[in-house]
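Report on the structure given below.
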Amino acid sequence: MYAAPPEVTARVFASLPAELHGKASESGWLQQQHKGRQLPAFFEGPSFDRNGKLYCVDVAYGRIFRIDPQGGFELVAKYDGEPNGLKFHQDGRAFITDYRHGIMVLDTHNGRVEPYFTRPMFERFHGVNDLHFSSNGDLYFTDQGQSGLQRPNGRLFRINTQGKLDCLLDNVPSPNGLTFNAAGTDLLLAVTRANAVWRVRFFPDGSVAKSGIFIQLSGGLAGPDGLAIDQDDNLLICHMGMGSVWKFSRLGEPLLRIRAPEGLLTSNCAFGGPDNKTLFITNSETGQILAAELDVPGVKPFGLS
């Protein structure tokens, strides 16, 4: 075990205004996933477009927001879905993992959300969760559903640039956030119900090689959710139910703890700001976007390693 790392407290960058708060009675997702708890929104998937504009999704009420540099919210889309993650492709398109439908694409100009890949082999996904584009443009995403230690059947998929779908793993107890290391060789996968981060390695042909646990966490009400990598190959882990984001070195050594000023549901994070040195964190309990200035620059705003 390691000694506890230094701590900082994130600041509130933006709060969802009261007139945009949802009603739990109108959210089937909240009824099922959080026993109908009243939450103003359930933010996930913070991502910056090529112009540095911040977007996030609201899985509970089927909404997608754009947040300006002053913290103002603009509703980009509201539709009959459960958007759980969002990333921008290098061509500017916004891809969404929708728990209800599958992989969707958002037109940020008119707010239209359309299907991209919804039925592998004419079957439905369990419930997709998060996504990441590798440096060559391949799309990796997790299919979490209701998997856990009781039913470790969560899946990791890849859609290559030719549109070919491959199931890379099918034995994961709640796969969630994912990212590649700085070199782009290893995929790091948050496994929520196992309270761990797995390291997934690949053979030259792209098939999965020897993989294992990279970091074993403990505590919290759930486990790791969103992940991000900075340019020094440090891993940022949003610990859902702990109200914290952990920073680990490439060797798995704890370097920093970033606490939320309130609330425990720190779900996802992304680097942004003028120099990509600010970590933006979605707080799904409070309907807030948090921010913490870090000493090292992060990944490119549109999410490519």
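A few remarks follow.
- Test: residue in the range 210-223 that is among the aliphatic types (A, V, I, L, M), surrounded by fewer than 17 Cβ atoms within 10 Å (Cβ to Cβ) and modelled with pLDDT of 95 or more: yes
- Single unsatisfied condition, LEU235 versus (1) touching a strand residue (DSSP E or B) at 6+ places or on another chain (Cβ under 8 Å); (2) under 19 Å from ASN171 (Cβ atoms): (2)
- Selection count, the range 248-284, where residues are in contact with a Pro (Cβ under 9 Å, 6 or more places away or on another chain), farther than 15 Å from ALA10 by Cα and not hydrophobic (A, V, I, L, M, F, W, C): 4
- Top-ranked residue in the range 289-305 [being among the β-branched types (Val, Ile, Thr) and in a loop (DSSP other than H, G, I, E, B); ranked as modelled with the highest pLDDT]: VAL296
- Filter pass, PHE88 being of a type outside the set (S, T, N, Q), surrounded by 14 or more Cβ atoms within 10 Å (Cβ to Cβ) and touching a Lys or Arg at 6+ places or on another chain (Cβ under 8 Å): yes
- Residues (without any contact (Cβ under 8 Å) to a residue 60 or more places away in the chain and more than 21 Å from VAL191 (Cα to Cα)) located in the range 122-137: PHE122, GLU123, ARG124, ASN136, GLY137
- Verdict on ASP205 being surrounded by fewer than 19 Cβ atoms within 10 Å (Cβ to Cβ) and more than 29 Å from ARG11 (Cβ to Cβ): yes
- Scan of the range 93-104 for residues that are closer than 14 Å to ASP49 by Cα and either among the aliphatic types (A, V, I, L, M) or touching a His at 6+ places or on another chain (Cβ under 7 Å) (or both), ordered by number: ALA94, PHE95, ILE96
- Test: residue in the range 213-230 that is part of a loop (DSSP other than H, G, I, E, B), of a type in the set (D, E, K, R) and more than 21 Å from ARG151 (Cα to Cα): no
For (1) of a type outside the set (Lys, Arg); (2) at pLDDT 95 or above, each residue gets a yes or a no:
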residue	(1), (2)
TYR79	yes, yes
PRO83	yes, yes
GLN90	yes, no
ALA94	yes, yes
ARG100	no, yes
PRO115	yes, yes
MET121	yes, no
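- Exactly one residue among THR286, THR266 is modelled with pLDDT of 95 or more, closer than 19 Å to GLN144 by Cβ and of a type in the set (Ser, Thr, Tyr), and that residue is THR266.
- All conditions but one from (1) in contact with a strand residue (DSSP E or B) (Cβ under 8 Å, 6 or more places away or on another chain); (2) surrounded by fewer than 14 Cβ atoms within 10 Å (Cβ to Cβ); (3) not in a strand (DSSP E or B) apply to ASP80; the one that does not is (1).
- Exactly one residue among GLU44, GLU19 is charged (D, E, K, R) and part of a strand (DSSP E or B), and that residue is GLU44.
The values are calculated or read from the model by the stated rules, or taken from the named source; none is laboratory data. All values derive from a computational prediction rather than experimental measurement. Here the Cβ is made from the backbone with ideal geometry for all residues, glycine too, and neighbour counts use every protein chain on show.
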